[in-house]
1. Subtract the Cα-Cα distance of Arg73 and Val101 from 0.36 nm times their separation in residues, and report this length gain in nm to one decimal.
2. Say the dipole of the chain comes from +1 at the beta carbon of Lys and Arg and -1 at that of Asp and Glu; which of Gly75, Pro44, Val164 then lies farthest toward its positive end?
3. Explain nothing, just compute: Karplus ³J(HN,Hα) = 6.51 cos²θ - 1.76 cosθ + 1.60, θ = phi - 60°, for every residue of the stretch 152-161 in order, whole Hz, x for Gly and Pro.
4. Kindly rank 40-46, 92-98 from highest to lowest mean number of other beta carbons found within 10 Å of each residue.
5. Taking the dipole about the Cα centre of the stretch 19-152, with the C-beta of Lys and Arg at +1 and of Asp and Glu at -1, give me whichever of Ala91, Leu29, Pro122 is farthest to the positive side.
6. For n ≥ 4 DSSP H runs only, could you compute -39500 (n - 2.57) per run for the chain, divide by its residues and tell me the 222 nm figure to the nearest 500?
7. Pop out the Kirkwood hydrodynamic radius of the stretch 37-107 from its pairwise C-alpha distances, inverse of mean 1/r, in Å to one decimal.
8. Here is the link list: Lys10/Lys157; Lys95/Lys157; Lys48/Lys95; Lys7/Lys48. Which ones come out longer than 25 Å on Cα distance?
Amino acid sequence: MDRGAAKAEKERIRREVRAAAETLDPAGLREAGRAITRRVLALPAWQKARTVMAYVSMPAEPDTRELMETALREGKTLLLPRCVDRERMTALPVKDLSGLVRGRLGIPEPPEAEENATVPEPDLILVPCMAASPQGIRLGHGAGYYDRFLSERRGEKVCLCFRVFLRADLPAEDTDVPMDLVVTD
């Protein structure tokens, strides 16, 4: 599939997923999110990780709050994404979730890092999606932030995806970074 066709197909699937998400039972999604959290916390990658990169979830994504709180409680270094500009994001350490600020995309993120602050490389990277395939192909929201960021990272990449959004028909482009694991409910 050429690049233009892949982009068009991704947009079609995004529209489908958004429409489907609006029809789902919020209580069912909360329970599915709790199941995903339990599975992530049981992963060997979680157990051995000293530095975990997570994300602040959007309404149609599995809730990541318990994962972030658990990382902090367990003494792990917690990194969260911060959009630097229209194309790049970075990961910054967070010690307290109450200190997050509204970012350029309206998502809570860490405030700007202190100049010359060193940020550890994440051992485990939890990645959001709109949909994912069992083979680790991930469909994001379309801005490309995560693919650009992940292309330069070695940590284990784990996508959190509601089972209802697991699809075998996701197209992949050469710039799409495959996930090491997809965790569903």
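Where a number appears in this text, it was derived from the coordinates with a stated rule and is not lab data. Quantities reported herein were computed from a predicted structural model and do not represent experimental measurements. Counting neighbours? That spans all protein chains shown, and the Cβs are built from the backbone with ideal geometry, glycine included.
1. That works out to 8.0 nm of additional length.
2. Selected residue: Val164.
3. 10, 10, 9, x, 5, 9, 10, 8, 9, 9
4. 40-46, 92-98
5. Projecting each Cα onto the dipole axis, the largest value belongs to Leu29.
6. -9500 deg cm²/dmol
7. Taking the inverse mean of 1/r over all distinct Cα pairs, the stretch 37-107 comes out at 13.0 Å.
8. Flagged as over cut-off: Lys7/Lys48.
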